[in-house]
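Reading through the structure tokens given below for one structure.
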Amino acid sequence: MTFALLLIALVLLGSAAAAMLSRNLIHSALLLVGAWAGIAAFYLWAGAEFVAFAQVLVYVGAVSMVVLFAVLLTRQGATAAPVEFDSYQRLVGSLIAAGGVGGVLLGAIFGTPLDVPAAPSPAALTVRQLGLQLMGQHGAALLIVGVILTVALLGAIVIAAVDQPEDPAP
Amino acid sequence: MSVVATDSFLERAPLVFRDWIVGHFPVALQWLVHHLLSITAILTVFGLFFAFTTIAERKLLARVQNRLGPNRSGLPWFRSLKLWGLTQPFADAIKAITKEDIVPAVADKVLHFLAPVVIVAFSLLGFAVLPFGRHLIPVELDAAILYFFAAGTATELAIFMAGWGSRNKYSLLAAMRALAQLISYELPLILSVVPVILVTGTLSTGKIVLDQGFWTWGFLPHWHVFTPWGFAGFLIFLVAALAESNRSPFDLPEAESELIAGHLTEYSGFKYALFFMAEYFGLTALSGLGITVFLGGWQAPCAFLEFIPSWLWFMGKLAGMIVFFIWIRGTLLRLRIDQLTRLSWQFLVPLALLNLGNAAFWSLTSGWTGPLAFARWGISVAIVIVPFLLLGRRLTAGYAPRTYRYAA
């Protein structure tokens, strides 16, 4: 079982790293899809079937399309974009954003009690129980996550779009 | 999947045969052999089904167009035996394998190679959760419907890979159009299945079929298609399934008269055949899902016909669906891209959402009996028909009646 986990982690981190390093934006996007599929494989390994299939449906199916459309519709011509920062303001901004997200994630990871109980794990949840939980107790959270996803995608388009005057001055 | 001894022999035969083969292997390997046998069975049955779908399609289309269709290929060494050209698919397979495989010099070699592999692999995954018979379901999953749609999403990626990797403007253009089409129709497709999940309260395909296994007075089956919301859902599902599998009248991605062959332009030989195969596998799997969800799966239409094994019923219904799709292809004209997207977003999606509310009404009023049952049916039928008429009228306003100025 541990071997399978290592294999999944290797594929996941490998494709994520390759996506960061690739000079070709389309290759990066497709490798990112590979990383998302790796996350789904990890969920399957952990026994969370429902989450794994939802991950594939949402990320590999839908979000990947948004990414590819965004790349093709916002880049005129070359898809092999230079990866350099264009101003210090932008560099500082990106560092602050990355640091903030990293801080929140690390805080969540370290704040979670990770001591595995020795008692046998409870029986796997059925989809029915999961659905009732999601729609009842955590309904608001589900809606907020949806809104955040939409905002993130819109933000990505706004950042990537190049504002050009409609007509060059005669 | 326990075999019940009371079932007829034909019902149990596939399982008995499988257990007999598995029994020859050591216990440690039995799970592996068990699954490999399921995979082999799916590949063999649906590979052959694909082969004969192609010949059926060519023959039926020929009949629709008042031609004869392929009738020449016979058997080697038995020249006098023609068999109505039924060996044509095997001749086609040999032709596809022996043809030259051409890769454009500037193409993205990896993506160009990967696209047909990915599309065939993922189009086959859907078969894993379809209940082909009373005891014949390759993998019993709690979230089977979700799995089915998740497996289907990789098709879009593969089409994009093919279009972009070919480094051809026609290919890329067609791939983008294909993506727009697939995304537009994914929504009505999934929304048309959701009412069934709402009413049955399960995502498992096996349980959805069991839920439809009753008869009123022994001959009126309780299939979902025979309820108002189920009928509307089934029609939306049919249209969306046609569009999802790139079939005429929604075959714009391929559109050989406008875009050469779309994302298939730069593919030749066996890779082209793989795309072709994936298209038919996708159509077959979607038909199988439609049968499972709306047409009672492997259930017999009448109680006294139950002596026919359940897997034969499933395959019969599947063949019926495929012939229906071929008939549609021979009848309807291809849509324009704007008509296509408008049909989905302005017509099918609102109707599917209303249908979801209809199913909610249906499951809330399940206790209505006597005269109230008639009210339940009436209200449900009204929820289907009134928005259909209103939306249809509004969308076609200004287009009809058509005037023929020159062809009077």
Would you be able to say whether some residue in region B:158-170 is touching a residue at least 24 places away in the same chain (Cβ under 8 Å), more than 9 Å from chain A (Cβ to nearest Cβ), under 21 Å from the mean Cα position of the chain (by Cα) and in a helix (DSSP H, G or I)? yes
Exactly one of B:Leu343, B:Leu351, B:Leu335 is closer than 19 Å to B:Glu186 by Cα and part of a loop (DSSP other than H, G, I, E, B), and that one is B:Leu335
When A:Ala29 is run through (1) within 12 Å of chain B (Cβ to nearest Cβ); (2) within 28 Å of B:Leu203 (Cβ to Cβ); (3) of a type in the set (Gly, Ala, Ser), the failure sits at (2)
Selection over region B:324-356 where residues are within 22 Å of B:Ala180 (Cα to Cα) and of a type in the set (Gly, Ala, Ser) yields a count of 2
Within region A:59-68, residues at the interface with chain B (Cβ under 7 Å from one of its Cβ atoms) and of a type in the set (A, V, I, L, M, F, W, C) come out as A:Val60, A:Met65, A:Leu68
Checking B:Phe50, B:Phe132, B:Phe148, B:Phe122 in turn, the sole residue that is of a type in the set (Phe, Trp, Tyr), under 30 Å from B:Phe17 (Cβ atoms), crowded, with 20+ Cβ neighbours inside 10 Å and more than 12 Å from chain A (Cβ to nearest Cβ) turns out to be B:Phe132
Those residues of region B:91-108 which are exposed (fewer than 14 other Cβ atoms within 10 Å of the Cβ), under 21 Å from B:Gly163 (Cβ atoms) and in contact (Cβ under 8 Å) with a residue 40 or more places away in the chain amount to B:Asp101, B:Ile102, B:Val106
Picked from region B:200-224 (must be β-branched (Val, Ile, Thr) and either crowded, with 20+ Cβ neighbours inside 10 Å or part of a loop (DSSP other than H, G, I, E, B) (or both)), the residue nearest to the chain's Cα centre (by Cα) is B:Thr205
- request: State yes or no: is B:Ile197 closer than 30 Å to A:Leu132 by Cβ, within 14 Å of chain A (Cβ to nearest Cβ) and buried (at least 24 other Cβ atoms within 10 Å of the Cβ)?
  value: no
All conditions in (1) farther than 23 Å from B:Leu141 by Cβ; (2) modelled with pLDDT of 85 or more; (3) in contact with a helix residue (DSSP H, G or I) (Cβ under 7 Å, 6 or more places away or on another chain) are true of A:Ser22 except (2)
Here the residues within region A:42-58 that are more than 7 Å from chain B (Cβ to nearest Cβ) and buried (at least 20 other Cβ atoms within 10 Å of the Cβ) are A:Ala52, A:Gln55
* Within region B:175-185, can one find any residue that is surrounded by fewer than 19 Cβ atoms within 10 Å (Cβ to Cβ), out of contact with any His (no Cβ under 7 Å at 6 or more places or on another chain), in a helix (DSSP H, G or I) and at the interface with chain A (Cβ under 10 Å from one of its Cβ atoms)? -> yes
### Task
Would you check if B:Leu68 is surrounded by fewer than 14 Cβ atoms within 10 Å (Cβ to Cβ), over 23 Å from B:Leu318 (Cα atoms) and at pLDDT below 85?
no
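The values are calculated or read from the model by the stated rules, or taken from the named source; none is laboratory data. Small disclaimer: the values here were computed from a predicted structure and weren't measured. All Cβ positions, glycine included, derive from the backbone under ideal geometry; neighbour counts span all protein chains shown.
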